[in-house]
Every structure is written in C-alpha cells, then in structure tokens.
Amino acid sequence: MALRRSHVLAMWRLRLSLAIAFVLCAPLARANIEIEVKGVDETLRANVIAYLSFDRYRKSETLSADTLERLHNRVDREVAAALRPFGYYEPKTQSNLEDLGGGNWRVNVNIELGEPIVLGHVDVHVTGPGSRDVLFTRLLDNLPLRTGERLNHAVYDKVKGDLQRTASNFGYLDAKLTKNDLLVDPPNHTASITLELETGDRYRFGTTHIEQDVIDDALVRRYVRYQQDEPFDMSEILRTQFALDDSQYFSNVEVLPGDPDRVNHLVPVNIRAEPNRRHRYSFGLGYGTDTDIRGTLQWEARRINQAGHRFNVQAQAASEQRSLESHYIIPIGDPAVEKLDLETTYQKKRLADADTEDTKFEPSITKVAGRWQRVYFLTFDNTTTQTTASNAGTSFLVMPGISLALVPQGYLGELLFTNAFFAQLRGSYHSWGSSSDFLQLDTKAEHTFDFAPRWHLLLRGELGASLVSEFSSLPSTVRFFAGGDRSVRGFAYNELSPEEPVWLDKAKTKPALDLTTCTDEANPTPSTCQQATAKVGGKHLITGTVEIQRDLPRNFGVATFFDFGNAFDNFGDPLEYSVGVGFRWRLPAVTLGIDVAQPLSEPGASPRLHINFSPKL
C-alpha cells in the first residue's frame, strides 16, 4: 500500500515538472533520455530495456511533455512483460523521471523480482517408430527442463523447436506435437510442462535426378554423401552440396530434396549444376621473416575432360627460394577426398649454408578412411648441392613412402593449413638406383585447447629421426633443420643445425660456394684461407611450442609462448630455448602474426622479430 502511495506522489510530481517544462521551454522539447535499471542481472536488464518504450525515444527531437508522461505510465506493464519469459510473474517496480536540464531526462527503474515460477511437473517424451532413435534419446537425456528449476520460456521454446527440427532434418516428415502444454500457476509459483512428439515413420532417400553436362554423371554420383534407401538425413544433402561446390567443376550447384512420397516414405533428390570457367588464374603476395616477400602465380585448368581430370601450375619466388610446380590430378574412389596426383617440381632453395637445386617427379595416391588420410607416394629426386661441406655434389634418390594425417570430422578435401597429427615414413636403397641408403620418420602434432572464454592453449611439436648408412651422401633436402616462424622462434629460418668444419676464403664472411684457392682442403693456403663451420643439417629433429593466446575485440589477439628444439645427429644433444610475446590479427582473407622472441640458451643473443602475413590466393 505504501508502495502505491509513493507511486501516486511520484506521478503528481512528474506531472508538475512536465507542466513547468512544457510552459517554459516549448510545446515540443528536444529529449535525450538515459535509462537506469537496477535490481536485476545483466541479462534481465537488457530485456527490460528492450521492452521499454523509452528506449525507442532516446534521441527523439519531437518528444512532448504528454508523450513523456504516457511513456512513464507504461513502465510497470512493460517491465512485467519483459520479466515474464524468465519466470518472474510478480515483479514490483518503482520508477521516476529526473530532469537533467537542457531537454535531457533520466528514467530510473528499480525492480524487486519477487518469487519466481519454478517447474513442478515436467513430462517430455517421444512416441512412434522413432521413439528409440538415438537422435531423440540424446535430446531427452540432456533436457534443460528440470523439476525445481526456474521457468524460462525461451528454454521451453528451444526444447520444442529441437524436437521438431530433429524430426524434420532426419526424415520423420510426418512428425507432429500431439501435446504442447505449458501451464503456469502464479499464486502457487509453479508451472507444469507436457510435450509429446509422435514421430511417424522415417523416410528414406529415393532416386537422385542429375541435371548437368559438365562431367560424367557417374562422377557426380561419386560426390554424393548418401546412398539410395538409406534413412533420410538433411545434413547429407548439405554435405553433398558442399562437396560439389568444392570440386570447382561448377559455378552454381543446387542439391534439393524433392516432394516426398507419402505412401512409400521416400524423398527424391534433385541435383542441378552449371559449368564453371575452365581456366583460373591467380596471383598472390605474402611476407614472412622466413621467406621475406614472396609472390605466387598460378594457372589451373579445372577440367580437361568429362572424367574430371585437372591440371595446375604454380610458380613461386622469394629471396631464398624459387620453385615451379605442376600437378596432373585424376579423381579416384571418392573424388571429394581421393585422387591420383602426378607432381613435377623444380626448386632452387637455400638451406642454411647450402644452395640446392632440386628436380622431382612424384606420383601419389591419396585415400581417406574415416578421419585418417593416407598418401602413398614414390619420389624420383635429383638434387645438386653447392656447399663447402662434405655433402656437396649431385645425388639421385628413389624414395617410396607413406604419410598419415588426421583430418577433421566430415572432411571434404578442403585445404588444411595444419594437421592435428601428421606422420611420414620414407626411405631409399642403393639397389633401386639411389645414391644413399636411409629410412626416415617425420611426425608433427598440433592442437589448440579452449580452456576459458577467450583463452586458448596451443601445443605444437615435431619429432624426426633418420637411419642412414652414410650420412655424408644424404642431400640437404632430406636432412633436418630447425628455427623460424613455425619452429623455434628467436632463431633464424633453418639456423639450428649441426655444423661441419670447412675452409673458406678469408675475404668471405660465410662458407664460400664458389671456392678458388681453398678447393684443396688437405693443403689449404694459410695466407688466403681460414677455417670455419658450415650448417649441414641433422639426422634427427625435436621442436615444441607452448603458447597461450588471448582473444581481443575486433579479431585481434595476443600471445605469449615458449619454444624449444634443435636439429642434431645424436639424441641427447642439447636443445635451444626461447620465449616471447606475439600479436594476432585474424581476418577472413588474411592473417597477420607478429612475434618477438628472445633466445634463452644463447647468452647475449638479441631478440628476434618474426612477421608472417599470408593472404589467400
């Protein structure tokens, strides 16, 4: 009763102040309205403000005194309407308007929520042929509606929507809610819920009709993610759409379910596709402290024939590397993820203190089973190495091998920049015509853990090991090096490596690749030569990263990290260590990473800046 008298007095004071403002100012007052809501948490506060009519007049220039009074009269019922969906049916509200001067007003709303409505009887069940389907039992086993909890209309609507959506998406096309009751008893502060879904029979995939003249229909059908007569699943329709889109054969693809056959419980599917341009040209620029500025030019023939063969050529140039690479690709098996690839590569690259010229032909077969991708390959590699170290010269290797990679659930052949797990085993033997005998294993793993909102833990590591009969005959291209942007930061790209003593011209500041008077290492000329070391690569490799990342607004982020590792010839050799901080800018088209790393294992070493900027082609 006292609350009511206070409200009446406040209304009279409001009317008096509005009348004075109306007389002194003008028939229409410029209004800037602030809204202050107290007594509720942030979620409820946001909903109350959204319901208040005052919120729509915050910056009004034509707000009269009568309108202000009318808006204030609505506060009680608008607050009640805003809180009812959250189970508060009897809130008490006090509100007043403060004249801040200059046509500015503040609305103060103080709320006492009162006793909430709690759930008493909750009965949600599924009947019919699909009642035991895991799709529904999983929903029922994890219901967010529980006896004794506060009533939340949004949660109730979500449960109802989840049941109907699950039925529709997974082929229960005749499903219907036979019971849909939410009964609220405000005096007793209780509510009861009864939901019953009758599933009806589950529909199956019917025939698939294809309308396109780009590639063989048989190849299109191999992209389909479902089989005829399997239970209908809308997600498989979408996955088929994505697979055909990603194939690059088509400019536009539609995969749509047809009208269901209500008698036989079948859903036909219609695929319609239009041809894409046969040829695609692209150019990209990037920058990284490992490569400096790099440019990429690519030409792709998206389809050569009706069998879906394709061909692409890519040229890349950077300060320490130049390459020309081509692929002739033949789809096999499941063409979205499996292929025969005939790769030819020519590459000139500097690896630490060696310049290499590498020509390679590598046929490979890619197969996928579940979440594992297997690549079987046979590499013919001719490498010329120019260095003062013992591995200078030309070598020829025939290397069969296999790689194994963990791919995401539902993988459809999209380009992966990192793998949760990758392992490669390759080797060579002189009886095959190779100049070196070796067996080599290289494994990598990377995973990001989300351990708190906006906080992430990145763990990354690599382990490589080689079994070699004569290490000096192994070219630099199949040796291990460490250091760089995605290795041990704080050290230059490929800087970490075993070293070998060499002779070089005194005029040179690093091991010479074009020796003149120092060619005879057994009898060097002391007046013109001096002894130094050259980085030659190692038999084995260990690297690791522990990085904590924090997301910031506007796609920014910061990181702090600890890196360790080295390339070496004997397990047990010392590792190098570094720590640092980084900045991240994540955008749909580019990612910019800036890291500053300080080596810990080299006393007196200066911090090193690592920048990586990579736009998509």
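Numbers at a glance
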item: Pairwise centroid distance, computed over Cα atoms, of the range 150-196 with the range 59-109, Å; result: 33
item: Mean Kyte hydropathy of 0.5 or more with a Cα span along the axis of at least 15 Å, helices from DSSP in the chain; result: 2-24
item: Protection proxy ranking, peptides 43-49, 148-154, 436-442, average beta carbon neighbours within 10 Å, highest first; result: 436-442, 43-49, 148-154
item: Order by protection proxy (mean Cβ within 10 Å, highest first), peptides 483-489, 96-102; result: 483-489, 96-102
item: Under 5 Å, built H, 5+ apart or other chain: amide partners of Tyr172; result: Tyr203
item: Nitroxide proxy distance, nm - points 7 Å out along Cα→Cβ at Val596 and Tyr346; result: 4.4
item: Taking Lys59, Lys158 and counting other C-beta atoms within 10 Å, the order from fewest to most; result: Lys59, Lys158
item: Under the Karplus curve 6.51 cos²θ - 1.76 cosθ + 1.60, θ = phi - 60°, whole-Hz ³J(HN,Hα) for the range 205-215, x wherever Gly or Pro sits; result: 5, x, 6, 10, 9, 10, 10, 6, 9, 8, 10
item: Burial ordering of Val478, Val134, fewest other beta-carbon atoms within 10 Å first; result: Val134, Val478
item: Rounded FRET efficiency, nearest 0.05, which uses the C-beta distance separating Glu211 from Leu404 and R0 of 25 Å; result: 0.05
item: Residue-wise HN-Hα coupling along the range 529-542, computed from phi with Karplus coefficients 6.51, -1.76, 1.60 (Hz; x: Gly, Pro); result: 10, 9, 8, 9, 10, 10, 7, 10, x, x, 6, 10, 8, 9
item: Additional length obtainable on full extension of the chain from Lys176 to Ala50, 0.36 nm per residue less Cα span; result: 42.0 nm
item: Computed FRET value (nearest 0.05) for Val581 with Asp41, which takes r as the C-beta separation and R₀ as 35 Å; result: 0.45
item: Protection proxy ranking of 550-559, 186-195 - average other beta-carbon atoms within 10 Å, highest first; result: 186-195, 550-559
item: Residues with amide H under 5 Å from that of Val502, placed H, sequence gap 5 or more; result: Ala532, Thr533, Ala534
item: Residue-averaged 222 nm ellipticity for the chain, from DSSP H runs of 4+ at -39500 (n - 2.57), nearest 500; result: -5000 deg cm²/dmol
item: Lys/Arg +1, Asp/Glu -1 at C-beta; the chain dipole; positive extreme among Tyr493, Phe556, Leu219; result: Phe556
item: Förster-model FRET efficiency, 60 Å R0, Arg132 and Asp355, C-beta, rounded to 0.05; result: 0.30
item: Exposure proxy ranking, count of Cβ atoms within 10 Å, fewest first, for Met399, Met234; result: Met234, Met399
item: Of (i) 35.2, 112; (ii) 26.2, 84; (iii) 32.6, 108, the label for Rg and Dmax of the Cα atoms in Å derived from the coordinates; result: (i)
item: Alpha-carbon centroids, the range 569-610 and the range 365-408: separation in whole Å; result: 27
item: Dipole of the chain, positive end: most advanced residue of Phe421, Ala567, Asn47 [Cβ charges, Cα centre]; result: Asn47
item: Pair Arg280, Phe449: separation of 7 Å Cα→Cβ label points (nm); result: 3.8
item: Cα centroid separation, the range 229-246 to the range 409-478 (Å); result: 33
item: In the range 375-432, the chymotrypsin sites (Phe, Trp or Tyr not before Pro) that fall in loop regions by DSSP, at most 15 other Cβ within 10 Å; result: Phe417
item: Estimated vicinal HN-Hα couplings, Hz - the range 178-189 in sequence order (Karplus 6.51, -1.76, 1.60; Gly, Pro = x); result: 8, 9, 8, 10, 10, 10, 10, 10, x, x, 9, 6
item: Electrostatic dipole magnitude of the chain [Cβ: Lys, Arg +1; Asp, Glu -1; Cα centre; debye, to 20]; result: 1820
item: Charge dipole of the chain about the Cα centre (unit charges at C-beta), most positive-ward option of Val37, Val79, Gly102; result: Gly102
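FYI, it's all coordinate maths here, none of it is from the lab. Note that the structure is a prediction, hence the values are computed from the model and not measured. Glycine gets a Cβ as well: all are built from the backbone with ideal geometry, and neighbour counts include every protein chain shown.
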